[in-house]
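Asks: Submitted below is the structure of interest, expressed as structure tokens.
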Amino acid sequence: QFTTRVVSCRAAELRPEGGGEPVRGFQVVLEDTILFPEGGGQPDDRGFIGDVPVLRVTRRGPEAVHFVPVALEPGAEVLLSLDWERRFDHMQQHSGQHLITAIAEQMFGFKTTSWELGRQRAVIELDTPLVTAEQVEALEKSVNEKIRDRVPVTVRELAAGDPEIETVRSRGLPDDHVGPVRIVDIKGIDSNMCCGTHVSNLSDLQVIKLLGVEKGKKNKTNLVFLAGNRVLKSIEQSHSTEKALTALLKNGPGEHVEAVRRLQSSVKLLQKNNLNLLRDIAVLIAQDFKSKPAPRQLFVLHRKEGDSEFMNIIANEIGTEETLLFLTVGDEKEAGLFLLAGPVEVVENFGPRVAELLGGKGAGKRGRFQGKAAKMSRRGEVQALLQEFVSHQKP
């Protein structure tokens, strides 16, 4: 917690991180703050000003701008509270990134070109097209050795013109930077120009787990990692998943993969058999209709199980030169698929109307109009419309 004063407060809007409508609120500048504004690859802090939640903190030149939902009185003394769990998580990931970046360059010459601290995982972009599994293993072993060595992490400030700035690792200062330059040192390992929040000793990282690499931008590789409490949460989640799979598959964790493979093979076989049966059923339905002594001008069928191929087989077998077919598949109370087939002019006239009645969309050509239906419960209205039409037609 930290006591400070409100310098200014002005109306503003905030766009939510996940998208959506802007939130109305106020941008508040304080005399000083303990909430970190987003920057340097690290997200911003959260907290409270009094009992008012801080929804976002951004940097505007040398100022930290706090977005809050209600107005605060300029000049008022306020108590600022920090969401420590979020802050400490960011500290662990950011210091972990510095350590991994430094060791990766020392061991393999891989330079870091950028990094991202996500909600679930963090990613370091390395300036190399390839990182082998052996290199990942060696890197993970080395960084965790440094954590066990309890190496101190310190912060110092240098004057803007200090020649020592040229000796530290950096991707350059922001164009609007003013004042001293902040350096984060991992003793004997790394000196890096950085504005972010960090642990004071590598032992606070607890452990680092490198999850592996992914293909990045051209000639780049993304290294995915977890640090500290995120490793513990990941293990807890994995263990819960493992227990659930053990109960479902009725075997031990070492046999899960093979059990899932067998299930996948069974499902593929069942799907293939199901498709063959549907095709056979479609042919039988069509033959039954054609065997009637006086074929009807309108054929209507609904089946819960089926697909577009099922409906088209029926249309092919019956023929659409003289018969108008209205076929649907899917749950009657939910969405599904429809097919209107028959004489070209009739289908062209009625296709869009059928789609409209069913609350769906479709397209057609050469005497067939098919698409998705959102209101299968209105099939009866379509049938009545088509029945009325054919009743006025000459046999």
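The values are calculated or read from the model by the stated rules, or taken from the named source; none is laboratory data. Computed from a predicted model, the values in this text were never measured in an experiment. No Cβ is skipped: glycine too gets one built from the backbone with ideal geometry, and neighbour counts run over all protein chains shown. Keep in mind that these areas ignore ligands, DNA and RNA; they rest on the heavy atoms of the full protein, side chains included. Shrake-Rupley method; radii C 1.70, N 1.55, O 1.52, S 1.80 Å.
Asks: Can you tell me the alpha carbon radius of gyration of the range 2-82 divided by the globular rule-of-thumb value 2.2 N^0.38 Å? Can you show the working numbers first?
Replies: On the way: Rg = 11.9 Å, N = 81, 2.2 N^0.38 = 11.7 Å.
My calculation over the Cα atoms of the range 2-82 gives 1.02.
Asks: Next question. List the aspartates and glutamates whose alpha-carbon lies under 20 Å from that of Lys141, not counting same-chain residues fewer than 8 positions away?
Replies: Glu105, Glu125, Asp149, Asp190, Asp204, Glu214
Asks: Could you give the nm distance between label points at Asp176 and Leu269, where each point is 7 Å from its Cα heading toward the beta carbon?
Replies: The answer from the label model is 6.6 nm.
Asks: Taking only protein heavy atoms into account and a 1.4 Å probe, give the accessible area per residue of the range 1-48 in Å².
Replies: Details: 2750 Å² over 48 residues.
About 57 Å² of surface per residue is accessible.
Asks: Follow-up. Under a point spin-label approximation (7 Å from Cα along Cα-to-Cβ), what is the Ser114-Arg150 distance to one decimal in nm?
Replies: About 3.9 nm separates the two model spin labels.
Asks: Under a plain spin-label model, where a point goes 7 Å from the Cα along Cα-to-Cβ, how far apart in nm are His256 and Arg24?
Replies: Going from the His256 label point to the Arg24 one covers 4.9 nm.
Asks: What FRET efficiency comes out for Ala11 versus Asn312 if R0 is 56 angstrom and r is the Cβ-Cβ distance? Round to the nearest 0.05.
Replies: Working: r = 59 Å, r/R0 = 1.06.
Once the sixth-power term is evaluated, E becomes 0.40.
Asks: Take every DSSP beta bridge whose two residues both sit in the chain, then give the antiparallel share in percent to the nearest 5. Working shown, then result.
Replies: Numbers: 73 of 80 bridges.
Close to 90 percent.
Asks: Just to confirm, what accessible area per residue do you get for the range 306-373 at 1.4 Å probe, in whole Å²? If you can, show how the numbers build up before the last one.
Replies: Numbers: 3380 Å² over 68 residues.
About 50 Å² of surface per residue is accessible.
Asks: Tell me, what is the per residue accessible area of the range 91-225 in Å², probe radius 1.4 Å? Mind dumping the intermediate values first?
Replies: Values: 7090 Å² over 135 residues.
On a per-residue basis, 53 Å².
Asks: Quick one: plug the Kirkwood hydrodynamic radius of the range 168-306 (C-alpha pairs) into Stokes-Einstein at 25 °C, 0.890 mPa s, and report D in µm²/s. Display every interim value, and only then the final one.
Replies: On the way: Rh = 23.0 Å.
Translational D for this selection: 107 µm²/s.
Asks: Lys333: which lysines have alpha carbons under 29 Å from its alpha carbon, excluding same-chain residues fewer than 8 sequence positions away?
Replies: Lys268, Lys272, Lys304, Lys361, Lys365, Lys372, Lys375
Asks: Kindly rank 219-230, 353-364, 139-150 from highest to lowest mean number of other beta carbons found within 10 Å of each residue.
Replies: Values: 219-230: 19.7, 353-364: 18.0, 139-150: 16.4.
Highest mean packing first, the order is 219-230, 353-364, 139-150.
Asks: List the lysines whose Cα lies under 19 Å from the Cα of Lys220, skipping any in the same chain that are fewer than 8 positions away.
Replies: Within reach: Lys111.
Asks: Then there is this: Using only the alpha carbons of the chain, what is the convex hull's orientation-averaged projected area in square nanometres? Walk me through the numbers on the way to the answer.
Replies: Numbers: hull surface 121.4 nm².
Mean shadow area of the hull around the Cα atoms is 30.4 nm².
Asks: Further, regarding this structure: Give me the number: length gained by fully extending Ala335 to Val390, i.e. 0.36 nm times residue separation minus the C-alpha to C-alpha distance, one decimal in nm. Let's see the in-between values first.
Replies: Numbers: separation 55, 0.36 × 55 = 19.80 nm, distance 2.68 nm.
Fully extending the segment from Ala335 to Val390 adds 17.1 nm.
Asks: When the accessible area of the chain is split by element with a 1.4 Å probe, what percent falls to carbon and sulfur? Provide the component values of the computation, followed by the final result.
Replies: Details: 11690 of 22820 Å².
Carbon-and-sulfur percentage of accessible area, whole number: 51.
Asks: I want to make sure I understand the PRE zone here: with the label point 7 angstrom from the Cα of Arg353 toward its beta carbon, which residues in the range 311-337 have backbone N atoms less than 17 Å away?
Replies: Output list for this probe position: 324-327.
Asks: Here's a follow-up. Multiply the residue gap between Glu381 and Thr4 by 0.36 nm, knock off their C-alpha separation, and tell me the result in nm, one decimal place. Provide the component values of the computation, followed by the final result.
Replies: On the way: separation 377, 0.36 × 377 = 135.72 nm, distance 6.91 nm.
Once the chain is fully extended between Glu381 and Thr4, it gains 128.8 nm.
Asks: Further, regarding this structure: Relative contact order (percent) for the chain, with alpha-carbon contacts under 8 angstrom and 6 or more residues of separation? Kindly include the intermediate steps, with their values, before the conclusion.
Replies: Details: 704 pairs, mean separation 38.4, N = 395.
Worked out over the chain, it gives 10 percent.
Asks: Using a 1.4 Å probe and ignoring any ligands, DNA or RNA, find the accessible area of Ile281 and quote it in Å² to the nearest 10.
Replies: The accessible area comes out at roughly 50 Å².
Asks: How much length, in nm to one decimal, is gained on full extension between Val283 and Glu38, taken as 0.36 nm per residue of separation minus their Cα-Cα distance?
Replies: Details: separation 245, 0.36 × 245 = 88.20 nm, distance 6.41 nm.
Between Val283 and Glu38, full extension yields an extra 81.8 nm.
Asks: Still on this structure, I have one more. Under the rule a/c < 1.5 gives rounded, and otherwise a/b versus b/c splits prolate from oblate, where does the range 325-395 land using the Cα gyration tensor? Intermediate values should be presented prior to the final figure.
Replies: Values: a/c = 2.24, a/b = 1.42, b/c = 1.57.
Cα axes put the range 325-395 in the oblate bin.
Asks: Right, next: Assuming a viscosity of 0.890 mPa s and a temperature of 25 °C, what translational diffusion coefficient in µm² per second does Stokes-Einstein assign to the range 87-233, Rh being the Kirkwood radius over Cα pairs? Numbers along the way, then the final one.
Replies: Numbers: Rh = 15.6 Å.
Result for D is 157 µm²/s.
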